[in-house]
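Let me begin by presenting the structure, written as structure tokens, before commenting on it.
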Amino acid sequence: MSCHYVLKEYEDFANDYSQTEQKFAFNVASKKLIKYGCINFKLFNFLNKLDQYVDKKEEEKLLKNIQKKYSIHGKVVLGAGANGILQNLINIFVTEKSDNIVTPFYTFMQASYAVNVKQAQTRFAKMNKNFSINFENILKSVDKQTKMIFLCNPNNPTNLYENVNDIVLLAQKVQCPIVVSEASIAFSQDRTLLDLKNLPKNIIVLRSFSKEFGLSGLRLGFAVMSDNYYQMYKAKTPTHVVSLISIKIANMVFWSRTIEKNIKTVIKERSYLTSEFEKIGLNVLISKSNAIMLTTQFDSNFLKRLREKNISFVNIKGENGGWFIRFAVKTHKENKRLIKILKEVQNENFFGDKF
């Protein structure tokens, strides 16, 4: 009987947020596109409070803003980015070396890194041929030692959106918590788990201020969870992990119309890039996020050539060898330059080495 998941070799913790010679960053388009006009002298007047650990009024204001905007039915916690909350959840639920988590083969790797640190196991469930999540394989990979299922929706790095009903159905079949990062879901314009009034109690939803808000540098995120998980989280995680300035800025821009304009701009540029990729013969997954993954596979020479031309990307190792590439959607000027460089590399015969 074939196994429904893959075990990868141990991987050291890697920084997915800063560019290095070996690993290129997830560049978020909203960093470049979004501009707020409301961050002004009011923020500087706030600096005289920096001798305090926390401003309860500002924190409560942000929590109320989140509750109101997303019509949340559940408890909300703030954290040092969605990833900071994810790391805390791994520490809470994965306690023994014999424990495991289950996640799709192509996914955001920070959960796996955190599990590796605890010397536990990550089971990467095999996916469908079209790169969508195979929920049957996820379910079959779960056993008594599975302490968490981790998903992204839209998935990262494939950028494909999964029907929330499939996630709910999975939650009804397992006892362990299902942590779902919806960091980029605003760019999908599809239904989210937060739209559900009766969210299964074993689902925890992560959201970030890095994507649609364009505030990656604040390291601010939040999670929605049941009261049981909320009490557990509060009892087992440190306090004062979010800075006063982060909360203040988030409140200042929370209802800005700029956010919706940014989302529309990203969607427009995403459509442009998809069309241009296809014109030059690349296989493209139809993205519902703020990035695009190519399913044409390339060799290391192609990746090296892109780096030499200062093109930023994420390279993703395929299950059967070769590399896929994930590009972030940026400004139109930057996107045009990317297409121009790809055409140049194509003419150098480095383009599209298949495996």
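Kindly indicate which of Glu344, Glu276 is in contact (Cβ under 8 Å) with a residue 60 or more places away in the chain and surrounded by fewer than 21 Cβ atoms within 10 Å (Cβ to Cβ).
Going through Glu344, Glu276 in turn, just one is in contact (Cβ under 8 Å) with a residue 60 or more places away in the chain and surrounded by fewer than 21 Cβ atoms within 10 Å (Cβ to Cβ): Glu276.
Which of (1) touching a residue at least 24 places away in the same chain (Cβ under 8 Å); (2) under 25 Å from Arg191 (Cβ atoms) does Lys64 not meet, given it meets every other one?
(1)
Taking Asn165, is it closer than 18 Å to Leu139 by Cα and free of Cβ contacts under 8 Å to residues at least 12 places away in the same chain?
yes
Within region 165-202, restricting attention to residues that are in a loop (DSSP other than H, G, I, E, B) and touching a His at 6+ places or on another chain (Cβ under 9 Å), which residue is modelled with the lowest pLDDT?
The residue in question is Lys197.
Looking at Tyr229, Tyr161, which is the one that is farther than 30 Å from Asn283 by Cα, surrounded by 16 or more Cβ atoms within 10 Å (Cβ to Cβ) and out of contact with any His (no Cβ under 7 Å at 6 or more places or on another chain)?
Only one candidate passes the filter, namely Tyr229.
Among the residues that make up region 133-144, is at least one of them among the small types (Gly, Ala, Ser), free of Cβ contacts under 8 Å to residues at least 60 places away in the same chain, assigned to a loop (DSSP other than H, G, I, E, B) and closer than 19 Å to Tyr5 by Cβ?
No, region 133-144 has no match at all.
With the checklist (1) farther than 23 Å from Glu136 by Cα; (2) surrounded by 21 or more Cβ atoms within 10 Å (Cβ to Cβ) in hand, flag the one item Gln119 doesn't pass.
Condition not satisfied by Gln119: (2).
Only residues that are of a type in the set (S, T, N, Q) and surrounded by fewer than 17 Cβ atoms within 10 Å (Cβ to Cβ): list them for region 131-150, please.
Hit for region 131-150 is Gln145, nothing else.
Could you list, in sequence order, the residues of region 87-117 that are in contact with a helix residue (DSSP H, G or I) (Cβ under 7 Å, 6 or more places away or on another chain) and assigned to a loop (DSSP other than H, G, I, E, B)?
Val94
The values are calculated or read from the model by the stated rules, or taken from the named source; none is laboratory data. Because the structure is predicted, anything quoted here is derived from the model rather than measured. Here the Cβ is made from the backbone with ideal geometry for all residues, glycine too, and neighbour counts use every protein chain on show.
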